[in-house]
Each structure stands twice: as C-alpha cells, then as structure tokens.
Amino acid sequence: MIHPAVWKGQALHQTDCSGISSSFRLLDRELPGNGWPRGSLTELLVHNLGIGELRFLAPTLRSLTQSGKHVVLLTPPHTPYAPAFEAMGIDHRRILIVQADRPIDRLWAVEQSIKSNQFGALITWLDHTGPTRPELIRRLQLAASTTQGLVFVFRPFAAQDHPSPAPLRMLLLPRRYPDLAVQVIKRRGPVMSAPIDIAIPIPGSGLRPLQDHEAIIAAPTAAPTRQAAHHHAVDRMHHSPSLPDTLSSTPAAHGSSAHR
C-alpha cells in the first residue's frame, strides 16, 4: 500500500488541507487540493500588467475579506482605487498596502504580514522593474510555507524560462475582454495540455497610472469597454478616496512604510 504522502507524478497531488476555491470550477479541477494552495507560493505570469489579473483574483479576495481576513498588496505598481474594490465585492477596509522598494524589505514585509492570524492573502509584483534574485524567490516560498494564507506573485512572461521554487506557476493569457485564459505550466501533477478560458468579473478597475487622469475623468461612470493592454487590472482616479491606513509603518531600519 502506498503511503498517502507519496505523490505519483501522473496524478494531481492531494493534500490533507484543501485549497481555497478560485470560484472558477474548471480551474479548481486543475489545481492540487481543488483550489488555491494554502501555505505555498503561487506565481502568475503576465505578458503585460492590465489584462485583468486582479479581477481574476477578485472572487477569492472577496471571499477572504468578507470572512474578516486581511489582504496585503505589497508594492503595487499603481495606486489603489477603493470604490473599484468595493464594486468587486472586496471590503477595502481589509486591504493593506505596503510599499517596500528594496527586495530585502519586501521579504521582511511578507514575513511580518503572514504572522497575523487575520492574514488571508498577500499579493506582490516582482521583476517588473528588474530581475529578482533566485534566493529571494526561495525565501518567499519558505515564508509562505509557514502560513495557512495565500501568497501570489505577479511576474513577467519571461520568468517562465527560469526555474522557480514556486510549486504552482501559471500563465495568464489575454483573450477578448473581459475574459482570460489560464495555462498551468508547473504543478504537482501531470502537464496541462491546453489553456482554460475563463470569464472574469467586469466591474470598474482599482489601480491605474496617475498620469491617465484625463482618460478616467472624461467618463468616470461609463460602462466597461475593451481595455488596452497597458492598463492595469484595476484603475484609480486622482480624486478618489484612499484606502484606510490599517497597517502601521514598518521599522525605519527596513525603509518600508504603509500608506494610504
């Protein structure tokens, strides 16, 4: 009899701890544990920011925040827009934003965030301003393994050509707005033969480069249209309310700070 801890490569790895549903039935079937893995680093590789990557995670973030868990956005590329998170059903009072420019500060922020029993998920962006050292990815995975929460890392497509300790890696492929396709390129299981097309939520976006002010103000309540590839998944207006300051500043020695 085979020990339950032994995993056969031709089958999806099943753990004692079930995953957190992505809310997409077809995707859950392809994930070990039938959902996003807890205590593990998940890499989401995108060709360009703005194809709907945060809307893709919105159902999961909604479930976590509505159950009282916090979601940490670590060094987001653009400024969060609270009403857009609310439009997606995400309680913005449970969103914590941490800015940390240096890689070591980001790692420190990850380690501090996951120590909280209110931690639900952490999302960070790597490699978009320069390559990330492999040892940082390994330490992120080690830190993630100590929690029951979710840890997501957005990285560029080019990262797929380099090895990673993340047990789960997938490509997010643009489709006709508002849909995406998901291709799992690494998992504890057999190779995934073809991408899965997924219809993701359409509500307004919550992060946008601030220089796009005129494009947003011109029609702030217009129905969603096809997004350009350079737009981020969630957009922000200049005069929108800030997210609450729910995380105290990190030690000055680390150079990190939480802000609105």
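The values are calculated or read from the model by the stated rules, or taken from the named source; none is laboratory data. In this text the structure is predicted, and so the values were computed from the model without any measurement. As a convention, Cβ positions derive from the backbone with ideal geometry for all residues, glycine included, and neighbour counts pool all protein chains shown.
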Anything in the range 35-79 that is touching a helix residue (DSSP H, G or I) at 6+ places or on another chain (Cβ under 8 Å) and part of a strand (DSSP E or B)? List them, or say none.
36, 41, 43, 44, 45, 46, 70, 71, 72, 74, 79
Given the conditions (1) outside any strand (DSSP E or B); (2) within 18 Å of residue 41 (Cα to Cα); (3) of a type outside the set (Lys, Arg), every one holds for residue 86 apart from (2)
Among the listed residues 174, 241, which satisfies the condition of being modelled with pLDDT of 70 or more and either out of contact with any Cys (no Cβ under 6 Å at 6 or more places or on another chain) or buried (at least 19 other Cβ atoms within 10 Å of the Cβ) (or both)?
174
Need pairs with beta-carbon distance below 7 Å; first residue within 22 Å of residue 162 (Cα to Cα) and within the range 31-44, second charged (D, E, K, R); sequence gap 6+ or separate chains.
43/155; 43/169; 44/53
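Looking at this structure, is residue 11 modelled with pLDDT under 95, farther than 20 Å from residue 165 by Cβ, of a type outside the set (Asp, Glu) and loosely packed, with under 15 Cβ neighbours inside 10 Å? Give the derivation first.
On the way: modelled with pLDDT under 95: yes; farther than 20 Å from residue 165 by Cβ: yes; of a type outside the set (Asp, Glu): yes; loosely packed, with under 15 Cβ neighbours inside 10 Å: yes.
For residue 11, the condition - modelled with pLDDT under 95, farther than 20 Å from residue 165 by Cβ, of a type outside the set (Asp, Glu) and loosely packed, with under 15 Cβ neighbours inside 10 Å - is met.
Looking at 30, 53, which is the one that is modelled with pLDDT under 95 and more than 22 Å from residue 110 (Cβ to Cβ)?
Details: 53 fails: more than 22 Å from residue 110 (Cβ to Cβ).
Checking each option against the conditions leaves just 30.
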For the range 104-124, which residues satisfy the criterion of being in a helix (DSSP H, G or I) and either of a type outside the set (Asp, Glu) or crowded, with 18+ Cβ neighbours inside 10 Å (or both)?
104, 105, 106, 107, 108, 109, 110, 112, 113
Selection from the range 185-203 of residues that are in contact (Cβ under 8 Å) with a residue 12 or more places away in the chain, part of a loop (DSSP other than H, G, I, E, B) and not hydrophobic (A, V, I, L, M, F, W, C)
187, 188, 189, 190, 195, 201, 203
Restricting attention to the range 114-129, report how many residues are of a type outside the set (Asp, Glu), over 19 Å from residue 57 (Cα atoms), without any contact (Cβ under 8 Å) to a residue 60 or more places away in the chain and in contact with a strand residue (DSSP E or B) (Cβ under 9 Å, 6 or more places away or on another chain).
1
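Please state which one of 95, 114, 123 is more than 28 Å from residue 47 (Cβ to Cβ) and among the aliphatic types (A, V, I, L, M).
114
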Of (1) over 13 Å from residue 47 (Cβ atoms); (2) touching a residue at least 60 places away in the same chain (Cβ under 8 Å), residue 163 satisfies every one except (2)
Given the conditions (1) at pLDDT below 90; (2) more than 20 Å from residue 19 (Cα to Cα); (3) not in a strand (DSSP E or B), and given that residue 93 satisfies all but one, which numbered condition is not satisfied?
(1)
When the range 16-62 is checked residue by residue, the ones that are closer than 15 Å to residue 92 by Cβ and either surrounded by fewer than 19 Cβ atoms within 10 Å (Cβ to Cβ) or of a type in the set (Ser, Thr, Tyr) (or both) are 62
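Could you check how many residues of the range 52-80 are among the small types (Gly, Ala, Ser) and within 12 Å of the chain's Cα centre (by Cα)?
Quick first cut of the range 52-80, residues among the small types (Gly, Ala, Ser) only: 52, 58, 63, 67-68.
Narrowing the set further to residues that are within 12 Å of the chain's Cα centre (by Cα) leaves 52, 58.
Residues flagged as among the small types (Gly, Ala, Ser) and within 12 Å of the chain's Cα centre (by Cα) within the range 52-80 amount to 2.
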